[in-house]
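A.B. asks: This is the structure I want to talk about, given as structure tokens.
A short reminder: the numbers here are calculations on the coordinates, not readings from a lab. What you see is a predicted model; the values in this text were computed from it and never measured. Using ideal geometry, Cβ is built from the backbone for each residue, glycine included, and neighbour counts are taken over all protein chains shown.
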Amino acid sequence: MTSKLLKVLVIDDNADDRARLTEALQNEDRVRLDVQSPPTTLDARGLAGSNPDIALIDYQLTEREPGRAPASYRGSTLAAALREKAPEIPIVLITRQQMTVGGRMAPARDLLGAFDDVVVKETIYADPGGFAQTLAALTRGFRGLRECQRRDWNALVNTLGADALEADQLLLADPPPEVLEAGWRVSEAARWVRGVVMNYPGILYDSQHAAVALGLSHSAFLRPRVQASFQAARYRGVFSSSSPYFWKARFLSRARSVLRQARLADAPLADFAAAWQKVHRSKLEIAVCNSSHTTPADTLCYILKEPVKRAFSLPYHPDTRPPVMDEARVSFKAIRSDNRYDERLFPPDARGLLDSIQRGGKIQ
């Protein structure tokens, strides 16, 4: 976590939740909390005047308390108003777990542009230290964008640390017009970087996608010597954190160099473990397909986040990721044992295979 003191504004209408949030984060010595009940009238100017580094706003602000009239607005409305007064700080929506089920938060989606993240309070209570680190990383990312002397496309590309090839790929990642134009706002650039570039594998890889691209188990990929081999491919731009991301093109180039050293230049990337063993005399655990229990797995199940072979998975279209990003796939195991997928999001030709997969039949 950064050594800079983090000023965190918290707006919550429930006294018990305010107390519990304060208790959870009181031992985080680099976090200074300013915990308030919501203003009776919508007053974002006064909140912004305290110059917070980050704001946490509860979704429901309409609870009545002794001596205080209930607010007449939702947290999403306050977040949108605060965004206008303080456009260069992150705003996080906090809510209870029970509010995320059954569509109870559906109205908040009308103002999603006001939020930079949504966090369930129970996760804060369970791991306050981890949450504090998340807040610090988010705030550092905003600060990195805020410190750009210019607000144009080239400046944003430089802040990400992209080379010429990666800059061309970023242009294929559907940057919104307000980010391509001179004078982008920090919140607009942050939303695209976090919500598209870092959210979908294809230009960047997180450690899970990087591991399975090489046919390795996640634990094998995280071994210090393997990580050291890929340091040159590490993403170090805004919003980078202790959880590693890698530039895909640089990462694959480095993997290919290991294959060449092992005289396996024409071998598939799934042979990386064999190449590593020849070069470093060290064995790496291979990724096991969660559906066939064979090796090596070569992609990641979108639903279960587990390694799977492409041959034992189906393409899936759960979002509007740009074509430059890797395709999402759902494993046969998820189709048979999990109900979190939507049949309508499989391509028509794949939909016809679902019944056979669910019954455990073989797919030709």
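A.B. asks: Which lysines, if any, have their Cα less than 20 Å from the Cα of residue 309, not counting same-chain residues under 8 positions apart?
C.D. replies: Output for residue 309: 248, 333, 362.
A.B. asks: If you don't mind, there's one more thing I want to ask. Grab the beta carbon distance between residue 359 and residue 319, set R0 = 35 Å, and tell me the FRET efficiency rounded to 0.05. Write down the numbers at each step before the final one.
C.D. replies: Numbers: r = 28 Å, r/R0 = 0.81.
With R0 = 35 Å, the Cβ-Cβ based efficiency is 0.80.
A.B. asks: How would 285, 84 line up from fewest to most surrounding beta-carbon atoms within 10 angstrom?
C.D. replies: Working: 285 15, 84 11.
In order of increasing Cβ crowding within 10 Å: 84, 285.
A.B. asks: How large is ³J(HN,Hα) for each residue in segment 11-23, as worked out from phi by the Karplus curve 6.51 cos²θ - 1.76 cosθ + 1.60 (θ = phi - 60°), to whole Hz, x for Gly and Pro?
C.D. replies: Each residue's phi maps through the Karplus curve to give 10, 8, 8, 10, 4, 5, 5, 4, 5, 5, 5, 4, 5 Hz.
A.B. asks: Let me ask something else about it. Is segment 204-280 rounded, prolate or oblate when judged by the Cα gyration tensor, a ≥ b ≥ c being the square roots of its eigenvalues, rounded requiring a/c under 1.5 and prolate requiring a/b larger than b/c?
C.D. replies: Working: a/c = 2.02, a/b = 1.73, b/c = 1.16.
Taking the square roots of the gyration eigenvalues as a ≥ b ≥ c, segment 204-280 is prolate.
A.B. asks: Right, another one. So which aspartates and glutamates can residue 278 reach, going by Cα to Cα under 19 Å and dropping same-chain residues fewer than 8 places off?
C.D. replies: Candidates past the 8-residue exclusion: 266.
A.B. asks: Once phi is turned into ³J(HN,Hα) by the Karplus curve 6.51 cos²θ - 1.76 cosθ + 1.60 with θ = phi - 60°, what whole-Hz value does each residue of segment 315-330 show in order, with x for glycine and proline?
C.D. replies: In residue order, the calculated couplings are x, 9, 10, x, 7, 10, 4, x, x, 5, 7, 5, 6, 6, 9, 10 Hz.
A.B. asks: Using alpha carbons only, how many degrees (0 to 90, rounded to 10) separate the axis of helix 75-85 from the longest principal axis of the chain?
C.D. replies: Result, in degrees: 80.
A.B. asks: Right, here's the next one. Mind listing the long-range amide H neighbours of residue 216? Cut-off is under 5 Å, sequence gap 5 or more, other chains count too, H placed in the peptide plane at 1.01 Å from N.
C.D. replies: The answer is 287.
A.B. asks: So if I place +1 on the C-beta of Lys and Arg and -1 on the C-beta of Asp and Glu, and nothing else carries charge, what would the dipole magnitude of the chain be about its Cα centre? I want it in debye, nearest 20.
C.D. replies: Details: 49 positive and 43 negative charges, 260 e Å.
Charge dipole, the chain, about its Cα centre: 1240 debye, nearest 20.
A.B. asks: Using 0.36 nm per residue of separation minus the Cα-Cα distance, give me the extension gain between residue 336 and residue 15 in nm, one decimal.
C.D. replies: Working: separation 321, 0.36 × 321 = 115.56 nm, distance 4.43 nm.
Taking residue 336 through residue 15 to full extension adds about 111.1 nm, to one decimal.
A.B. asks: Amide H to amide H, which residues 5 or more places from residue 119 or on other chains are under 5 Å from it, using H placed in the peptide plane?
C.D. replies: Long-range HN contacts for residue 119: 93, 94, 95.
A.B. asks: Using DSSP to call loops (not H, G, I, E or B), can you name the trypsin sites (Lys or Arg not before Pro) in segment 207-258 whose Cβ has at most 12 other Cβ atoms within 10 angstrom? Intermediate results must be reported in sequence, preceding the final value.
C.D. replies: Working: sites: 225, 234, 236, 248, 250, 254, 256; in loops: 236.
Loop-located and lightly packed - 236.
A.B. asks: With a ≥ b ≥ c taken as the square roots of the eigenvalues of the C-alpha gyration tensor of segment 6-141, please select rounded if a/c is under 1.5 and otherwise prolate if a/b is larger than b/c or oblate if it is not? Mind showing how you got there, number by number?
C.D. replies: Details: a/c = 1.25, a/b = 1.17, b/c = 1.07.
Cα axes put segment 6-141 in the rounded bin.
A.B. asks: If you fit an axis through the alpha-carbon atoms of helix 128-146 and take the longest principal axis of the Cα set of the chain, what angle between them do you get, 0 to 90°, nearest 10?
C.D. replies: Helix 128-146 sits at roughly 90 degrees to that axis.
A.B. asks: While we're looking at this one, here's another question. Test of understanding: express the Cα radius of gyration of the chain as a ratio to 2.2 N^0.38 Å, with N the residue count. Write out the running numbers ahead of the final one.
C.D. replies: Working: Rg = 23.0 Å, N = 364, 2.2 N^0.38 = 20.7 Å.
In units of the 2.2 N^0.38 Å rule of thumb, it is 1.11.
A.B. asks: Under a straight-distance cross-link criterion of Cα-Cα below 20 Å, which lysines are reachable from residue 121, leaving out those fewer than 8 residues away in the same chain?
C.D. replies: 7
A.B. asks: Can you give the helix-only mean residue ellipticity at 222 nm for the chain, where every DSSP H stretch with n ≥ 4 adds -39500 (n - 2.57) and the sum goes over all residues, rounded to the nearest 500 deg cm²/dmol? Could the numbers behind the result be given before it?
C.D. replies: Working: 17 runs with 134 residues, N = 364.
It comes out at -10000 deg cm²/dmol, rounded to the nearest 500.
A.B. asks: Show me, for segment 286-298, the HN-Hα J-couplings you get by feeding each phi into the Karplus relation (A = 6.51, B = -1.76, C = 1.60, θ = phi - 60°), rounded to Hz, glycine and proline as x.
C.D. replies: 8, 5, 9, 5, 6, 9, 9, 6, 10, 10, x, 5, 10
A.B. asks: Can you bin segment 148-197 into rounded, prolate or oblate? Criterion: square roots of the alpha carbon gyration tensor eigenvalues sorted a ≥ b ≥ c, rounded for a/c under 1.5, prolate for a/b above b/c, oblate for the rest.
C.D. replies: Details: a/c = 1.57, a/b = 1.18, b/c = 1.33.
Oblate, since a/c reaches 1.5 and b/c is not below a/b.
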